[in-house]
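Just below is one structure, and these are the notes that go with it.
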Amino acid sequence: MTRREARPDGHGGAVAKEPPVRVPVDSLLPADSARGALDEKHVQVLAALEGDFEPVLVHRPTLRVIDGMHRLSAEVLRGRQDIAVRFFDGSEADAYVLSARANVRHGLPLTLDERRTAATRILRSHPHWSDRSVAECVGLSGKTVGRLRRCATEEIPQSPTRTGRDGTVRRLVKDPSLKGSEPGRLLLRTLLATEISEQQWREIAAALPDHCAPLVRAAAARRAADWAALAGAVSRGASGAA
């Protein structure tokens, strides 16, 4: 079975963690990207470089390029018949998010209009994402994304909750039905006490003394089982109320 590497922010599908494969260049579809058009001069510069490029990222179900159209065009200009690719397994909406993120982080920068276009589209496909989550993907401020959301309220489905960059549902802590009971308050305190980012968990694991590892593993497994039991109980309760 193909191993997959989770997205850093926990949103969406996964990039296959497997060696790159070579596919015919004419089998790939052009990117569905916020970028207006290819920069032909940049393609020519890339084609003149020596050596191989980083693999192009491709949406496996559709064979549409997610990141690397300039590299693909440069290989075609070189006369190559195939190109190295890595595959992304996920929805087309998540593929677009990944494309926007890649265009912001490297390569030719997106214009401000292109970033706004990308943000608006992501707001439509992921209305439950927080403004900061969308902003991080497209290289805008959270305030700018908030203005875009307010300006396009008729086009963007409204979600009763917003999911932050770490996957936490922020509005849960403001729910009066939880704050008004001791079990609800206990749940909120527990959620907030364990609201730690992936990076912070990695730092904790790296700093853990070796002699503590068995005890921490056992405790973490127990907590995971407790949360899984809670998730099952909540699921059964919701099904019974339906």
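The values are calculated or read from the model by the stated rules, or taken from the named source; none is laboratory data. What you see is a predicted model, and the numbers here were worked out from it, not measured in a lab. Note that we place each Cβ from the backbone using ideal geometry, even for glycine, and neighbour counts take in every protein chain shown.
Odds and ends about this structure:
- The helices (runs of 4 or more DSSP H) found entirely in region 136-242 that carry 1 or more residues being closer than 30 Å to LEU108 by Cα and modelled with pLDDT of 65 or more are 142-151.
- Reported count of residues in region 74-89, each being small (Gly, Ala, Ser) and buried (at least 21 other Cβ atoms within 10 Å of the Cβ), is 1.
- Listing of helices (runs of 4 or more DSSP H) fully contained in region 28-126 that carry 3 or more residues being within 21 Å of the chain's Cα centre (by Cα) and either under 30 Å from ARG150 (Cβ atoms) or not assigned by TED's automatic domain parsing to the domain that holds GLY139 (or both): 92-105, 112-125
- Restricting attention to region 102-129, the residues that are buried (at least 18 other Cβ atoms within 10 Å of the Cβ) and in contact with a Ser or Thr (Cβ under 7 Å, 6 or more places away or on another chain) total 2.
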